[in-house]
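Chemist: Below is a structure I'd like to ask you about.
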Amino acid sequence: MTTRPKPESRYRHFHRKDVPAETISETIPSSGTEKGPEAVKPKEKKQPRYNSAGTEVNHAGHPLTPHIAPDGESGRRWFHPGHFLKISWRSSSHASQYTNFLWPFTIAALVLHFGFPHYELWIFITAYIGMVPAANLVGFGGAELARKLPKVAGVITETTFGSIVEIIVFMVLISGGNQNVSVIRAAILGSILANLLFCLGLCFFVGGIFHPQQVFHEAISEVGSNLMLVAAVGLVIPTIFYNSLAGGRLSMEMAETESLRISRAAAIILLIAFGVYVWFQARSHHGLYEDILEGDEERDHDRHKDLAKPKLTFTESLLAVFIALIFVSFMAVILVQQIEFMVNHQGISDAFMGLILVPIVEKVAEHLTAIDEAYDNQMNFALSHVLGASIQTALFNTPLVVIVGWGLHYNMSLNFELFDAVVLILAIIVVGSFLRDEKSDYLEGVLCVFVYILVAISAWYYPDPISETGTSSSATTGATESGGGGLSSDVVSAVTASATAAAAEAVVTGVRMMLKV
């Protein structure tokens, strides 16, 4: 009796060229807390911890500098122009390195802006593309600086530097006055959607192509998804308040005023929540996150290559971030100045500009970093960056722009479009359901990207608000009440109330599905 040969694998996936195929097991770990056979890698020769002089050294034999983590020790001091340019050009990965070929667009944007201001379309295009290498340099400088810190502090620092681009864009927009409020609102939600759907989807897809199934720890996924759900509730409460009462028990003006007050109160509460979240990660549960991230590093089959790469010094890391922020600030100012031209003369809606175009370019550095980590099978790191960036946008960047608008006497409220608010809640529910099993594959990644494409298509056709303040529904009702024709205020109020009720029912149903065991 002959026995059938056992198939080599139940799963078919691509193998990385820089990793021997025999080091990657086809077996899928049973839970996110186990390393499993996927963590197996060739044994590396251990380096001595001390040199002949008795000084503690890192993996490359460089003497350790006080308060600098071994992984971030460069073996040099201060600033060396040749090393600085070479290391910065090479960047953190091949994808990041390719973005450096876009630096001519950054220079071209500055030349066109100051020398040829009548070429508005080309100024916007070059500034938009030129933002990519500048944002990547911010991310790379922040990553180099994060290497020199403890694991958890490094992830928080890297995420913060990645969000600086977004903060600069928000500050430039709010300084332009109330006419930019609608774009800021869309950019806030667009940034979260780009992280949760587009970036996380690409992480799942790229990681799933090279690994049959990836796992992550529940402390990363559950805390992140739960915080995002709570943050979304805080963000959309002013929207629900306005759409429930405007034109009915409250006049449009009174509802907008009260919504602005609620937004400012929500901003303060969200800032406090962000402080609690940082304390939770960096202090009270620091050891848990440290163990998770250190264990995740063992999954990286080419970590020895990353450690062997030359690194920037502490001074060079700060200088890289400083130079990049200068270019990012210029690109942000140029982009913001051309938004009105693009909306009024090129037919691009405020919703598409804020939800899609602005978030993608401002988050490019974080996206490349997270995707590279998923490629290296470091899903806990990737989730920390993706969810951490979304949490920082919701709990820190958004309250910050609300408070700055408060100080500048602008009506920067969280009265989002009802469409945007519902899409945000549904996106968080979709991502939360994918994270619940603590596993990911390329199918889930493709589905996340498809949802983001659906949002992008809807945003392209979504009409702009008629007025500078309020939502489209409020502007329509205001036009009707002023005698502009169309539906009566009672009909508009009824339609708004039914839309709000339907949206609320969808949200409640989704939350029940997500919380269902």
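The values are calculated or read from the model by the stated rules, or taken from the named source; none is laboratory data. Every value quoted in this text rests on a predicted model; they were computed, and no experiment measured them. Please note: Cβ atoms are built from the backbone with ideal geometry, for glycine as well, and neighbour counts cover all protein chains shown. These area figures cover heavy atoms from the full protein model, side chains too; ligands, DNA and RNA do not enter into them. Shrake-Rupley method; radii C 1.70, N 1.55, O 1.52, S 1.80 Å.
Chemist: Hey, among Y289, Y277, which residue is at pLDDT 80 or above, hydroxyl-bearing (S, T, Y) and open to solvent by less than 50 Å² (accessible area, probe 1.4 Å)? Show your work before the answer.
Modeler: On the way: Y289 fails: at pLDDT 80 or above.
Result: Y277 is the single residue among Y289, Y277 that is at pLDDT 80 or above, hydroxyl-bearing (S, T, Y) and open to solvent by less than 50 Å² (accessible area, probe 1.4 Å).
Chemist: Inspect all residues belonging to segment 104-123 and state whether any of them is open to solvent by less than 60 Å² (accessible area, probe 1.4 Å), more than 27 Å from I371 (Cβ to Cβ) and touching a Pro at 6+ places or on another chain (Cβ under 9 Å).
Modeler: Yes, segment 104-123 has at least one match.
Chemist: Right, something else. Quick one: would you say I339 is at pLDDT 80 or above, surrounded by fewer than 24 Cβ atoms within 10 Å (Cβ to Cβ), over 20 Å from G176 (Cα atoms) and of a type in the set (A, V, I, L, M)? Show your work before the answer.
Modeler: Values: at pLDDT 80 or above: yes; surrounded by fewer than 24 Cβ atoms within 10 Å (Cβ to Cβ): yes; over 20 Å from G176 (Cα atoms): no; of a type in the set (A, V, I, L, M): yes.
When the stated conditions are applied, I339 does not pass them.
Chemist: Let me ask something else. Among the residues in segment 191-208, are any within 29 Å of D441 (Cα to Cα), touching a His at 6+ places or on another chain (Cβ under 8 Å) and surrounded by fewer than 19 Cβ atoms within 10 Å (Cβ to Cβ)?
Modeler: Checked segment 191-208: no residue is within 29 Å of D441 (Cα to Cα), touching a His at 6+ places or on another chain (Cβ under 8 Å) and surrounded by fewer than 19 Cβ atoms within 10 Å (Cβ to Cβ).
Chemist: Which residue pairs have Cβ atoms closer than 7 Å, lie 6 or more positions apart in sequence or on different chains, and pair a first residue in segment 99-114 that is over 19 Å from V333 (Cβ atoms) with a second residue that is open to solvent by less than 40 Å² (accessible area, probe 1.4 Å) and not polar (S, T, N, Q)?
Modeler: Pairs found: T99/V132; T99/P133; N100/P133.
Okay, residues lined up against (1) at pLDDT 85 or above; (2) touching a Leu at 6+ places or on another chain (Cβ under 8 Å); (3) under 19 Å from I391 (Cβ atoms); (4) among the acidic types (D, E):
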position	(1), (2), (3), (4)
I167	yes, yes, yes, no
M171	yes, no, no, no
T239	yes, yes, no, no
S244	yes, no, no, no
R249	no, no, no, no
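Chemist: Can you tell me how many residues in segment 431-485 are modelled with pLDDT under 85, buried (at least 20 other Cβ atoms within 10 Å of the Cβ) and part of a helix (DSSP H, G or I)?
Modeler: 5
Chemist: Would you confirm whether or not segment 210-217 contains a residue that is aromatic (F, W, Y), at pLDDT below 90, in contact with a His (Cβ under 9 Å, 6 or more places away or on another chain) and open to solvent by 10 Å² or more (accessible area, probe 1.4 Å)?
Modeler: First, pick out the residues of segment 210-217 that are aromatic (F, W, Y): 210, 216.
If we keep only those that are at pLDDT below 90 too, we end up with 210, 216.
Next, only the ones that are in contact with a His (Cβ under 9 Å, 6 or more places away or on another chain) stay: 210.
From what's left, open to solvent by 10 Å² or more (accessible area, probe 1.4 Å): 210.
Yes, the conditions are met somewhere in segment 210-217.
Chemist: Is it the case that segment 346-364 has a residue that's among the aromatic types (F, W, Y), open to solvent by 40 Å² or more (accessible area, probe 1.4 Å) and more than 22 Å from F161 (Cβ to Cβ)? Break it down stepwise before answering.
Modeler: So the first thing to find is which residues in segment 346-364 are among the aromatic types (F, W, Y), and the list is 352.
Add one more test, that the residue is open to solvent by 40 Å² or more (accessible area, probe 1.4 Å), and what stays is none.
No, segment 346-364 contains no residue that is among the aromatic types (F, W, Y), open to solvent by 40 Å² or more (accessible area, probe 1.4 Å) and more than 22 Å from F161 (Cβ to Cβ).
Matching residues to (1) more than 23 Å from I192 (Cβ to Cβ); (2) at pLDDT below 85; (3) open to solvent by less than 10 Å² (accessible area, probe 1.4 Å):
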{"position": "I326", "(1), (2), (3)": "yes, no, no"}
{"position": "I334", "(1), (2), (3)": "yes, no, yes"}
{"position": "F381", "(1), (2), (3)": "no, yes, no"}
{"position": "T393", "(1), (2), (3)": "no, no, yes"}
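Chemist: A further question follows. Is one or more of the residues making up segment 235-248 of a type outside the set (F, W, Y), at positive phi, assigned to a loop (DSSP other than H, G, I, E, B) and open to solvent by 20 Å² or more (accessible area, probe 1.4 Å)? Reasoning before the result, please.
Modeler: Step one: of segment 235-248, the residues of a type outside the set (F, W, Y) are 235-240, 243-248.
Still in the list and also at positive phi: 247.
Next cut, assigned to a loop (DSSP other than H, G, I, E, B) only: 247.
Applying the additional criterion that residues be open to solvent by 20 Å² or more (accessible area, probe 1.4 Å) yields 247.
Yes - at least one qualifying residue is present in segment 235-248.
Chemist: Is there any pair with a first residue in segment 162-184 that is on the phi > 0 side of the Ramachandran plot and a second that is modelled with pLDDT of 85 or more and open to solvent by 10 Å² or more (accessible area, probe 1.4 Å) whose Cβ atoms are under 8 Å apart and which are 6 or more apart or on different chains, and what are they?
Modeler: Final answer for the pair search is G177/Y410.
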